[in-house]
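First up is the structure itself, then whatever we jot down about it.
The values are calculated or read from the model by the stated rules, or taken from the named source; none is laboratory data. Just so it is clear, the model here is predicted, and its values are computed rather than measured. With ideal geometry, Cβ positions are generated from the backbone for all residues, glycine too; neighbour counts draw on all protein chains shown.
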Amino acid sequence: MWQFFFSSWRCGFRNRSFLAILALAVALIGVAYLSAAFSPRQPLTVSLDVGLSGLRISLVLFAIMLVQDLVGRDIDQRSVVLTLSYPTNRSAYLIGRYLGVLALTAVAASILGMLLWIAVMMSGLHYEQQFPVELGAPFWLTVLGVWVDVAVVAAFTLWIATLSTVTMLPLALGAVFAIGGRALGAVFDYVSKGADGQVDIAARYGPLLDITRWLLPDLSRLDWRAWPMYGLVPDIQTTAMALSMAFAYAILMIGLAIHAFSQREFS
């Protein structure tokens, strides 16, 4: 398992997508810095909000591209056949690759988190807003929440990569899953509260959302940006449930990926 982890680590740093996504992330953090100019009262809050959104977008793209390059492309090009010809377990191959993706995204999250921290600090050099943002532990725990979110997306993409016979399918479905998982909580809250009085919408889509909740994880529960932005500490029980949900779903996806990969024939 560990040989696949270290090979993933080396391949990830040599991969052009790493540099491309890093450049995109730096550009998004630059946008976050410039966005502070559009808020005369809360520039740091706006900069942090935009920056955290850019951070998640960049890490999601980075993770699904890594899974595609390290697993999907190996399968498409049949280079995985040579790898599996050695006395190694297929599950060790997948787990090693997945851990490599997690490690690389953790490095990217640390680098981008530091760049965002600097950008937010620079946004407030000439203005001290009434409600300051918290850039200590709350900020870094929020970055951790983004990384856990991305870990779940990477696990889902890994499962799709073991099933897919179409090159771009893991990238496409991984991106759809990331969007759907984050939007699920807001949509469910909107419908469950009556959809602003539109009873027909609540009655029509309520049962469908109840089913969807059991198929997709609510990744919005891992978004803790209200803590560093407004000082609203997340509820411990809700946070623990969100982390448990993420861990359980990632384990489920990895288990499904191992099952699909073990049943797949390579010629």
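With respect to being under 15 Å from Ile254 (Cβ atoms), modelled with pLDDT of 90 or more and either of a type in the set (Val, Ile, Thr) or crowded, with 24+ Cβ neighbours inside 10 Å (or both), Val101 fits the description. The set of residues in segment 211-259 that are part of a helix (DSSP H, G or I), closer than 18 Å to Gly181 by Cβ and of a type in the set (Phe, Trp, Tyr) comprises Trp214, Phe247, Tyr249. Would a scan of segment 83-96 turn up a residue that is touching a helix residue (DSSP H, G or I) at 6+ places or on another chain (Cβ under 7 Å) and modelled with pLDDT under 75? Yes, segment 83-96 contains at least one residue that is touching a helix residue (DSSP H, G or I) at 6+ places or on another chain (Cβ under 7 Å) and modelled with pLDDT under 75.
Yes or no, residue by residue, for (1) modelled with pLDDT of 75 or more; (2) loosely packed, with under 12 Cβ neighbours inside 10 Å:
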{"site": "Ala195", "(1), (2)": "no, no"}
{"site": "Ser220", "(1), (2)": "yes, no"}
{"site": "Ala248", "(1), (2)": "yes, no"}
{"site": "Glu265", "(1), (2)": "no, yes"}
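Only one of the numbered conditions (1) modelled with pLDDT of 90 or more; (2) surrounded by fewer than 16 Cβ atoms within 10 Å (Cβ to Cβ); (3) among the hydrophobic types (A, V, I, L, M, F, W, C); (4) farther than 30 Å from Phe131 by Cα is not met by Ile211, and that is (1). Please specify each residue of segment 144-185 satisfying the condition of being of a type in the set (Val, Ile, Thr), part of a helix (DSSP H, G or I) and touching a residue at least 12 places away in the same chain (Cβ under 8 Å). If the condition is that a residue be of a type in the set (Val, Ile, Thr), part of a helix (DSSP H, G or I) and touching a residue at least 12 places away in the same chain (Cβ under 8 Å), then Val146, Val148, Val150, Val152, Val153, Thr157, Ile160, Thr162 are the ones that fit. Scanning segment 17-35 for residues that are buried (at least 16 other Cβ atoms within 10 Å of the Cβ), in contact (Cβ under 8 Å) with a residue 24 or more places away in the chain and under 17 Å from Val46 (Cβ atoms) turns up Leu28, Ile29, Ala32, Tyr33.
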